[in-house]
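Structure record follows, encoded as structure tokens.
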Amino acid sequence: MKLDAIDVRILEILQQDAEQQVTQVAEQVGLSTTPCWRRIQRLKEAGVITRQVALVDARKVNVGVTVFVSVRTSVHTEAWFDTFKATVQAIPEVVEFYRMSGDVDYLLRVVVPDIAAYDKVYKRLIAGTQLHDVSSSFAMEELKLTTALPLGYVG
């Protein structure tokens, strides 16, 4: 799907506040309500907008500790990967999970209330699969957190 400047502006607006009424978005992009609504629907149908969610303050729901977990393995079979992936996906405290290039095979972002809670996550992680090395780094301070993607590359 080819995005034009109005589509990009709609995406910028919705990434900041998806609760805005279509009339409000339309005003900001210089369209009437119906064409703006159609564009938003087209963006959803094309999979550009994948979902709309509520962002929750981690501290207010007692998961204010962020842990970055680097995992290395010496096993690279499909069966091992399927087991590892299922293990990680079954742990709700793991909020991001990536396969990496370089020295680390996988990177996880885990949110928990404290170190004791992380220890329980760690034990579930290592019980589920054979791992070569697991390294955990606790974030001391959150300096930037956004869900908004940069849209300057569209085109």
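The values are calculated or read from the model by the stated rules, or taken from the named source; none is laboratory data. Please read these numbers as outputs of a predicted model, since none were measured by experiment. Using ideal geometry, Cβ is built from the backbone for each residue, glycine included, and neighbour counts are taken over all protein chains shown.
Values as computed for the structure displayed
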| quantity | calculated |
| --- | --- |
| Close pairs (8 angstrom Cβ cut-off, 6 or more residues apart or separate chains): over 11 Å from residue 87 (Cβ atoms) and without any contact (Cβ under 8 Å) to a residue 12 or more places away in the chain in segment 116-132, among the basic types (Lys, Arg) and surrounded by fewer than 18 Cβ atoms within 10 Å (Cβ to Cβ) anywhere | none |
| Which listed residue is part of a strand (DSSP E or B) and out of contact with any Ser or Thr (no Cβ under 6 Å at 6 or more places or on another chain), from 154, 88, 71, 121 | 71 |
| The one condition in (1) surrounded by 15 or more Cβ atoms within 10 Å (Cβ to Cβ); (2) in contact with a Ser or Thr (Cβ under 8 Å, 6 or more places away or on another chain); (3) not assigned by TED's automatic domain parsing to the domain that holds residue 134 that residue 29 fails to fulfil | (2) |
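To keep it simple, each residue is scored yes or no on (1) touching a Lys or Arg at 6+ places or on another chain (Cβ under 9 Å); (2) assigned by TED's automatic domain parsing to the domain that holds residue 68; (3) surrounded by 17 or more Cβ atoms within 10 Å (Cβ to Cβ).
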{"site": "92", "(1), (2), (3)": "no, yes, no"}
{"site": "100", "(1), (2), (3)": "no, yes, no"}
{"site": "108", "(1), (2), (3)": "no, yes, yes"}
{"site": "115", "(1), (2), (3)": "no, yes, no"}
{"site": "123", "(1), (2), (3)": "no, yes, no"}
{"site": "126", "(1), (2), (3)": "no, yes, no"}
{"site": "130", "(1), (2), (3)": "no, yes, no"}
{"site": "133", "(1), (2), (3)": "yes, yes, no"}
{"site": "146", "(1), (2), (3)": "no, no, no"}
